[in-house]
């Protein structure tokens, strides 16, 4: 059994992590910390966990955490980096669901997250936890930077095209839509039901923190160096629903024979043939976000409308599962040499 | 392994049954029939089942069904009764999720369901599948009438009060609210998103088929005979959400010492102490329907506002699980001598 | 033209008041105050008002307010009472949309609102602004206590029965359901979309501030004195939608001939025949809350299921209109001797 | 007063037309036809219209329609064209809210709508009713083809860029999102609440009927002839909400000085300065669809993320108002020489 601790379990990624880990056959849930809720039984805050999670929130305690095999951070950005070095030293494996270790470039991180980084020396060591790209490195890692939700959907959707060099990397568009749970569980007017229901809007068009993360991932594939790299326009939108991300991706096929003649459906099917959590849908499909509600799956469809040179990729995930807690558990499984699908075999809840 | 067949799997109870049975450790899903969709892979209609259910809808075939240990009917009212006698004769156990065998009185059934009953001789034998009341009989049954969704929430909420004779049985009120999935998956204007979202209404106030079913169940507890019985006012409402039933139940305490001094919280806790799927919440609680989303649980809270003689019971279930498919699986477990919780240990999906 | 000021216009009742007053043919919107947002153009906070409201939020200024004919308070409870005496002295008419002047009994007010009342001497003078009951007094008033949302729906639903003495006043039940906008526009976890969407729950069953308000109104009708009065069980619930209240009301007909033979449909139709904003629906109707979305109407249907002695009244309003801002404008119209329907002739937005 | 008839008033555009016309100061609503609902009072089907619309649905009667000044068709595609020639001959002005007269090319129309056109000779005469482009022609027209919802949002969003020749017309992308009311009010599984709520998906990626309509409009601006024309990728998506369209438009600035130095904000503000129903938001805005809920307004924001050469335009409308019924009334106003804003001055309902 893997002994697991969770730091910061009162948000939506935290409670989702609890849901998955409580049902995981190889996990012993040892402790869950919350400075503000210390002393409160977890199931009192989340009655849906009654009978499944008997833990009580505890104040963060380095000793108790150091006794875990794996510690998940489901904390706001900037929290994990304060304690990670100490935990690593104690031999604990760390998976950070926030953004503290996602960017490799310290300066870029500090610019986007508006604060100095507490342990820039770890940025290089941290492994970006997208198993479909970095499985081998993950299995050897001490510190995993669990990818953002948008970056997961976008990278899985674009990777096969970029790996084969079929599209113009200077003109990529990711028009993304997310359910409201992506904004977290904090008191705020902007995510009240009365502010978000029955409406739809874009946000952060001028710049969103997931943009450099996606670019970094795509640049790695196309072997760019420096700040140049791929040209990506990223526009996130807020959908009046709880869970789900839908990425609609646009890329222009190069005018080479390789590109215009490519069998994209086969390309995607082969690329993901052995991936347990990426599902390439049949030709002509339109994946619904509900088809991945509550499960660690990315479903992808490939279109080329009117046979023109614009490829349209549709990629859906549950932002709290493959986009957060589920991918974190997948990373833990790889890290701990468990079957990669352990605890992740649930079926989407439809309707 | 229990070999299972499903008749009529294209509705919401059908697909929910598939979700639960596909993950059930002791079940072999042998066939699923649909006259209209014969030949279509199930996962094509419900992409959320991709990778979990490989079956294709088949036309109903008595021979194939007769080879099953258990057959579930997830069909419209009036369908199961056409084939059940034949299946019972073949030694198959049958669980009907529709209403064909819920009422004991043939005349009453025919009046409420507007058609002659095809096998009234089975009404008496059929066991009403509310395990919290009829567990022993269920374990011996050949034919289970799986309870309606409202009747499950209402009966579990009122039983302890009625069993102890604490309230005026002539003046019970069940103000019930249901998500839209209770209306089924059929083309209809009345359940379009644009007709049901952002609105709330009562319906069927003059008379609803679940009223005689609830009355029959409550009458059995208070040992009424004849048409008199309990006096129940039942008002169902439609809530703009997918899943969930909330029953708000009102009863008047009798003015005897026993009743006015009763410790209702303890009464409920003791009544349901050994029930795996009934959860009595702490004093002062307000159960949310989402706390049972996707799971086979009924959560109950007991209130007595201002210490007056009106008791208010709040009872929530997921109409598709404890109110339909989950309870059906629970009945199958009892029937087949499996652990009662087998395949039913999931955790509510929140948010 | 009536010169109007609004104190506290950043909540949902405030912006609804702006929507109605901006389109009111006899109103000049003079100023709107908000301590926290002073200096911000109103249309910047609420872009839907662009082109209709040119005002900028200003800090509360007694002189500017005193220059108005009518001042509306759309503030949290306990704010209006701090400034009302001064405004009345300046000859301004005041309509308070909060609860500061709704209860007549100072002690009761202080108990339910948890603070001392700043001007108890005004409680008696304040007129409870339910025009269907107090029209004459409203037209003469200086200070209007605009009713709560639940109290409006419940009182309009029960009045005809109580006025005629047809039902047992000791056993009234009001099972009420409200959209989330009733909880206001303040940063809070409990009303996030992710906490309220796709779920349904009761709240405040032990005691809600609208309970004494409703009791006071009903007691006035049945001429009770003292704390005894009607026996009302009031259970509010939260519906996953923006707007709307649905009150399901239960009363027991007395066993007198008058009561059991009463033609309730005709009674209601006659009672409200000349009321511009109460619409009694045909026999057998089930009013939907969306049928009053955005409009100052209460729609009512009367049922007597199975001809038994329990009467079921269904009463719907838009909590922000007839339950708040619309009723306030109606009160202003009466107060200022304008046509009662001025500015209130909009049609419900469906779907 | 303009005497108005409506053919086919039982859908969502029909009832929205009723809502707007019933409150229009210069309109006499003479008749509304529905073959299937003849004899039913309109307010019985739509209780929100009680007290505002006294009409009863009547069977279509050419004589009665011929007595109108203006007839609106709110019918399925292919219906209007059967009766329009006759009505025009009778001197009636016709506004078709369906697609029968939107495309100029008969062959193209027949291909996309899958049927022969009943009066191709009128395609040329029909005026495409986008007032911001065709105001003069509309004022002289006998027959107006009211634009589709997506085409309205997309064209208003792209026009200023195309008129000035600033962007690459061969690589335009319109990523559009619509509320469910766009799918109409017909019994169908695909638009049930339980199929569309809590989910998001693209549809019609391979080809949607609004694609040729948009292309035709854009081609007219850039003066293309023949089938070549602009290169547009159009991907519509379904949003779990009632009303609203959000178009996210991507265009590549040409590398000319004119283009890269253009002040796009000023360009848009000047283009729409005198348009009563197009609202260009301040720099940095993200329009919400709810800001136009129920009103005849298109709100637009212009972005150029990271100063790169990809322009992102955000354009929102209410699909039932500026995208259908409201624009039809606007066209009627122009046609009948009424103030263009008559009956269209309502304020968005928020929340």
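The values are calculated or read from the model by the stated rules, or taken from the named source; none is laboratory data. Treat the numbers as computed from the prediction; the structure is a model and nothing was measured. Backbone-built Cβ (ideal geometry, glycine too); neighbour counts: all protein chains shown.
Worth pointing out:
- Scan of region D:1-52 for residues that are within 14 Å of chain C (Cβ to nearest Cβ) and part of a loop (DSSP other than H, G, I, E, B), ordered by number: D:9, D:10, D:11, D:23, D:24, D:25, D:40, D:46, D:50, D:51, D:52
- Qualifying residue in region B:94-103 (condition: over 20 Å from the mean Cα position of the chain (by Cα), assigned to a loop (DSSP other than H, G, I, E, B) and on the phi < 0 side of the Ramachandran plot): no
Condition check ((1) closer than 18 Å to residue B:249 by Cα; (2) more than 12 Å from chain B (Cβ to nearest Cβ); (3) part of a loop (DSSP other than H, G, I, E, B)) across all residues:
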| site | (1), (2), (3) |
| --- | --- |
| C:174 | yes, no, no |
| C:181 | no, no, no |
| C:195 | no, no, no |
| C:218 | no, yes, no |
| C:221 | no, yes, no |
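- Residue B:133 vs. criteria touching a helix residue (DSSP H, G or I) at 6+ places or on another chain (Cβ under 9 Å), at pLDDT 95 or above and surrounded by fewer than 19 Cβ atoms within 10 Å (Cβ to Cβ): yes
- Residue that is nearest to the chain's Cα centre (by Cα) [pool: residues in region A:208-232 that are surrounded by fewer than 15 Cβ atoms within 10 Å (Cβ to Cβ) and at positive phi]: A:223
- Meets criteria (within 18 Å of the chain's Cα centre (by Cα) and closer than 24 Å to residue D:229 by Cα) for residue D:158: yes
- Region A:53-70: number of residues that are touching a helix residue (DSSP H, G or I) at 6+ places or on another chain (Cβ under 8 Å), surrounded by fewer than 21 Cβ atoms within 10 Å (Cβ to Cβ) and not in a helix (DSSP H, G or I): 5
- Taken over region C:331-350, residues that are under 21 Å from residue D:321 (Cβ atoms) and either surrounded by fewer than 19 Cβ atoms within 10 Å (Cβ to Cβ) or free of Cβ contacts under 8 Å to residues at least 12 places away in the same chain (or both) amount to 1.
For (1) outside any loop (DSSP other than H, G, I, E, B); (2) not assigned by TED's automatic domain parsing to the domain that holds residue A:255, each residue gets a yes or a no:
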residue: A:72; (1), (2): yes, yes
residue: A:78; (1), (2): no, yes
residue: A:84; (1), (2): yes, yes
residue: A:116; (1), (2): no, yes
residue: A:121; (1), (2): yes, yes
residue: A:137; (1), (2): yes, yes
residue: A:157; (1), (2): yes, no
residue: A:161; (1), (2): yes, no
residue: A:177; (1), (2): yes, no
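- The residues in region D:200-216 that are touching a helix residue (DSSP H, G or I) at 6+ places or on another chain (Cβ under 6 Å) and more than 7 Å from chain A (Cβ to nearest Cβ) can be counted, and the count is 5.
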